[in-house]
Amino acid sequence: MKKLALHWQIMIGMISGVLFGFLMTTFSWGKEITGDWIAPFGTIFVNLLKLIAVPLILASLIKGISDLKDISKFRLIGGRTIVIYILTTVVAITIGLLLVNAFKPGDGITEATIEKLTAEYAGNDTISKRIAEAGKQKDSGPLKFIVDMVPQNAIKAMSDNKMMLQVIFFSIFLGISMLLVKPSQSEPLKKFFDSLNEVVLKMVDLIMLTAPFAVFALLANVVVTSDDPDILLALLKYAGVVIFGLLLMIVFYCILVAVITKKSPFWFLKQISPAQLLAFSTSSSAATLPVTMERVEEHIGVDKEVSSFVLPVGATINMDGTSLYQAVASVFIMQVLWPEGLTFSNQITIVLTALLASIGSAAVPGAGMVMLVIVLEAIGFPSDKLPIGLALIFAIDRPLDMLRTTVNVTGDATVSMIVAKSVGKLGEPDIKDWDDEYKG
């Protein structure tokens with residue numbers, strides 16, 4: 001019998017997890033049982049993906065750069081990557097602003113809903129932490145994020161997934177340096193990283209065997225810990241605008257794939273779907289990165305020279321889904337609490353600030369809400385209303401976070417295909433199963 005494709009296995013796991021979660025909400029002990037005996041398996045899976053993220057970036061980037069033989073090729077790939085990421089982010093923010101101004105989701109929020117959300121969430125610890133974090137970001141200099149990219153200690157940078165940009169910087173620096181010494185001197189180091197890369201990719205295959213069970217656990221826990229359904233209903237129009245915008249971004253990516261790479265958009269979505277489903281389940285581009293790289297390289301045919309740079313950089317600085325969400329959320333909050341601030345100049349400021357924040361806040365934990373605070377403060381949003389504004393969207397932030405992370409990952413994969421096509425590095429898929437080298 002033909003083995004069921006991985007994306008269908010993951011889909012079954014997700015649907016089963018949601019149904020199980022709803023079932024558990026009908027029992028008084030359901031939330032506790034799910035939290036104690038189901039959720040840990042999802043946490044273990046995410047930890048495993050994060051465990052191999054740094055070794056994979058280190059090995060893959062160094063291998064990719066050292067294989068180039070010519071630094072000018074790396075400059076070409078790097079330049080096109082950054083430019084395309086900026087352009088897609090601007091498109092995402094623009095789509096968000098157009099939709100939120102057209103549908104005006106803030107007009108449907110009643111005073112009673114505002115009071116209920118304020119009472120429940122305005123004093124929330126997470127919101128307070130995000131406001132404080134945004135304050136630190138705002139007080140830092142304009143080039144602070146560049147300073148933060150350069151590690152003082154490479155080993156320390158590798159010990160913390162939040163320092164991914166520092167790991168990328170070190171990997172690029174080491175890879176370029178290997179190109180500048182005699183091949184005989186760099187060859188032993190190159191063989192080591194080539195070997196490490198293959199072994200880590202095999203670890204991805206092994207971890208993915210547990211993916212259907214892991215997403216079951218992750219989604220079941222999301223459902224049993226979800227917020228008041230009445231509040232979610234009140235925010236349905238706002239959520240609908242965000243979701244519609246995210247769907248338009250997927251359509252935009254599909255058009256780019258069809259026009260520039262001459263590949264079928266449906267084929268592209270099918271190949272990248274396991275990474276999309278994991279992004280949805282984990283809400284983390286960084287945790288999904290090992291799977292994204294495996295799908296793009298083996299199932300789409302992007303050369304490692306391109307994917308090893310484009311995808312790790314994208315996972316840290318390319319936040320199309322999050323940037324679109326910033327645009328919708330900031331205008332939505334203004335429609336409810338500060339309608340007089342809805343000027344054309346403020347909306348242009350939102351575009352520029354959201355673009356810069358998506359890069360500068362990339363390594364910040366809870367980046368989405370931190371970015372939103374930065375955007376709101378940039379347009380002069382009243383500081384006394386800021387906690388209320390965040391409380392407005394906090395209840396529905398988790399499911400929207402899952403969706404925007406899916407778009408972020410899809411954007412990374414799309415740009416890797418475009419860059420690969422532009423430099424002649426988009427080939428045929430070379431799929432490897434987890435047991436290819438196993439002799440049982």
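The values are calculated or read from the model by the stated rules, or taken from the named source; none is laboratory data. All of these numbers come straight from a predicted model, not from anything done at the bench. Cβ placement follows ideal geometry from the backbone for every residue including glycine, while neighbour counts extend to all protein chains displayed.
If you check 84, 12 for being at negative phi and surrounded by fewer than 20 Cβ atoms within 10 Å (Cβ to Cβ), only one passes: 12. Of everything in the stretch 319-337 that is in a helix (DSSP H, G or I) and under 9 Å from the mean Cα position of the chain (by Cα), the residue that is farthest from residue 295 (Cα to Cα) is 322.
On the stretch given as the stretch 339-354, residues that are buried (at least 18 other Cβ atoms within 10 Å of the Cβ) and not polar (S, T, N, Q) total 4. Taking the stretch 91-103 as the range and being in contact (Cβ under 8 Å) with a residue 40 or more places away in the chain and either of a type in the set (Gly, Ala, Ser) or out of contact with any helix residue (DSSP H, G or I) (no Cβ under 6 Å at 6 or more places or on another chain) (or both) as the test, the residues that pass are 91, 92, 94, 96, 101.
Touching a residue at least 12 places away in the same chain (Cβ under 8 Å), over 22 Å from the mean Cα position of the chain (by Cα) and assigned to a helix (DSSP H, G or I): does that describe residue 316? Here the answer is no, as residue 316 does not meet what is asked. Considering the stretch 230-273, the residues that are of a type outside the set (S, T, N, Q) and outside any helix (DSSP H, G or I) include one that is surrounded by the most Cβ atoms within 10 Å (Cβ to Cβ), namely 235. Residue 266 meets each of the listed conditions (1) in contact (Cβ under 8 Å) with a residue 40 or more places away in the chain; (2) out of contact with any Gly (no Cβ under 8 Å at 6 or more places or on another chain) apart from (1). Counting only helices (runs of 4 or more DSSP H) wholly contained in the stretch 11-105, the ones carrying 1 or more residues that are at pLDDT below 90 and of a type in the set (Lys, Arg) occupy 39-66, 71-103.
Screening residue 132 on (1) over 20 Å from residue 371 (Cα atoms); (2) within 26 Å of the chain's Cα centre (by Cα); (3) of a type outside the set (Ser, Thr, Tyr); (4) part of a helix (DSSP H, G or I) shows it passes everything except condition (1). Restricting the first member to the stretch 198-227 and to residues that are over 20 Å from residue 25 (Cα atoms), and the second to residues that are crowded, with 23+ Cβ neighbours inside 10 Å and of a type in the set (S, T, N, Q), the beta-carbon pairs closer than 9 Å and six or more apart or on different chains are 200/60; 201/60; 211/281. All conditions but one from (1) within 30 Å of residue 184 (Cβ to Cβ); (2) touching a residue at least 12 places away in the same chain (Cβ under 8 Å) apply to residue 108; the one that does not is (1).
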